[in-house]
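A.B. asks: I'd like to ask you about the structure that follows.
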Amino acid sequence: MSDTSRDTRTEGTPAAIDVVDLHKYFGDNEVLTGIDFHVDNGEVVCVIGPSGSGKSTLLRCVNLLEVPTKGKIFVEGQEITDPDADVDKLRSRIGMVFQQFNLFPHMTALRNLTIAQEKVAGRKKDEAIEIARRNLEKVGLADRESAYPAHLSGGQQQRIAIARALSMEPDMMLFDEPTSALDPELVGDVLAVMKDLAAEGMTMMVVTHEMGFAREVGDKLVFMDGGVIVEEGEPSAVLADPQHERTQSFLSKVL
Ligand code: ADP
Ligand code: MG
């Protein structure tokens, strides 16, 4: 085993994501104070916790939108925190979906899905369009390819954002509160797309307040508070019988 690769899983396949003693400071403020966890291939891990507990920072460290202060992160066995790692290549394996959909407002839905395929992945226009249309179909928006974001509902925009991430053909997807900005009646369609994705075997890390989704779709539920993982386990077990006082207190407020 070299310093930059690590194979901790059973059956010889490295974990999709393996986080080892991760610390993150913003100035003097230590917002992640030693995080260890892993996500296996095909696993759906949901992350819950109070505002400010470090959920977004954790997710952003996994694809190096934030640079960890200390600790190691392995993606499919490759250490992404190694100074010599090919960050762009590693990052291209990870799709990310944010609370604010971040679509390009001056581009059609289809163009939102093809631009990075052409400019970042180097695909030819025809191939990019074919992949984009397949993903628009997958999120139930094949008939809206010519629409601009302003003419789509929030739920439709978020499904376009998911389709855009999928069009880069990532090995795993990170979701940071993907339904928190949506009107309640639009949440279900987005969760349904994510559920389909999970059923297809996509590896997913999902920060969410949707406990029903966590229970139904999640393989593992992680509860964070104050920059640490307080508790993790099988979702229905954690939700029904939290072991730690902080988990109990949080769940009593949200359930
Ligand atoms: P959560 O997603 O659980 O609400 P965050 O990861 O966004 O929590 O934030 C954790 C802590 O880190 C908060 O105290 C927040 O103010 C701080 N923080 C997050 N991003 C930054 C940043 N870019 N600069 C300084 N502090 C930050
Ligand atoms: Mg957050």
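A.B. asks: Along the charge dipole of the chain, Cβ charges K/R +1 and D/E -1, which of 223, 129, 168 sits furthest on the positive end?
C.D. replies: With unit charges placed on the Cβ atoms, the residue in question is 129.
A.B. asks: Another one. Order 117-123, 222-228, 18-24 from most to least packed using the mean count of other Cβ atoms within 10 Å.
C.D. replies: So the peptides 117-123, 222-228, 18-24, ranked by packing, come out 222-228, 18-24, 117-123.
A.B. asks: Using θ = phi - 60° and the Karplus curve 6.51 cos²θ - 1.76 cosθ + 1.60, what whole-Hz ³J(HN,Hα) does each residue of the stretch 65-70 get, with Gly and Pro shown as x?
C.D. replies: 5, 10, 8, x, 7, 7
A.B. asks: If you don't mind, there's one more thing I want to ask. Using modelled amide H (1.01 Å from N, peptide plane; none on Pro or chain starts), what sits under 5 Å from the amide H of residue 71, excluding residues fewer than 5 places away?
C.D. replies: 23
A.B. asks: Also: Distance between Cα centroids, the stretch 91-117 to the stretch 148-179: provide it in whole Å.
C.D. replies: Distance between centres, Cα-based: 7 Å.
A.B. asks: Quick check: net charge around residue 191, other residues with Cβ under 13 Å of its Cβ, Lys/Arg +1 and Asp/Glu -1?
C.D. replies: Net local charge, residue 191 excluded: -3.
A.B. asks: I would also like to ask the following. Taking a virtual spin label 7 Å from the Cα of residue 13 along the C-beta vector, which residues in the stretch 65-89 bring their backbone nitrogen under 14 Å of it?
C.D. replies: Under cut-off, by backbone N: 76-77.
A.B. asks: Where Lys and Arg each count +1 and Asp and Glu each count -1, what net charge lies around residue 109 among other residues with Cβ under 11 Å from its Cβ?
C.D. replies: Here the charged neighbours net out to +3.
A.B. asks: Too long at a 31 Å Cα-Cα cut-off: which of 24/125; 89/125; 55/195?
C.D. replies: 24/125
A.B. asks: When ligands, DNA and RNA are left out and all protein chains stay put, how many square angstrom of accessible area per residue does the stretch 168-255 have with a 1.4 Å probe?
C.D. replies: Roughly 44 Å² per residue, with all protein chains present.
A.B. asks: Got a sec to turn the phi values of the stretch 122-134 into Karplus ³J(HN,Hα) couplings, 6.51 cos²θ - 1.76 cosθ + 1.60 with θ = phi - 60°, whole Hz, x for Gly and Pro?
C.D. replies: The phi angles translate into x, 7, 5, 3, 4, 5, 4, 5, 4, 5, 4, 5, 4 Hz.
A.B. asks: How do 40-50, 238-248 rank on mean C-beta neighbours within 10 Å, highest first?
C.D. replies: 40-50, 238-248
A.B. asks: Taking the Cα centre of the chain as origin, work out the dipole magnitude from +1 charges on Lys and Arg Cβ and -1 charges on Asp and Glu Cβ, in debye rounded to 20.
C.D. replies: 840 debye
A.B. asks: In addition: Based solely on its DSSP helices, what 222 nm [θ] is calculated for the chain when runs of n ≥ 4 H residues each add -39,500 (n - 2.57) and the sum is averaged over all residues, nearest 500 deg cm²/dmol?
C.D. replies: -10500 deg cm²/dmol
A.B. asks: Continuing with the same structure: So what's the convex hull volume per residue for the Cα atoms of the chain, in Å³?
C.D. replies: 139 Å³
A.B. asks: A follow-up question, please. Among DSSP bridges having both ends in the stretch 167-255, what percentage is antiparallel? Round to the nearest 5.
C.D. replies: 50 percent
A.B. asks: Give the peptides 211-220, 81-90, 144-153, 173-182 in descending order of average Cβ contacts within 10 Å, highest first.
C.D. replies: 173-182, 211-220, 144-153, 81-90
A.B. asks: Another one. Hey, any idea what % of the chain's accessible area is carbon plus sulfur with a 1.4 Å probe?
C.D. replies: In the chain, the share of accessible area belonging to carbon and sulfur is 47 percent.
The values are calculated or read from the model by the stated rules, or taken from the named source; none is laboratory data. Small disclaimer: the values here were computed from a predicted structure and weren't measured. Ideal geometry is used to build each Cβ from the backbone, glycine not excepted, and the neighbour counts take in all protein chains shown. SASA here: full protein model, heavy atoms, side chains in, ligands and nucleic acids out. Shrake-Rupley method; radii C 1.70, N 1.55, O 1.52, S 1.80 Å.
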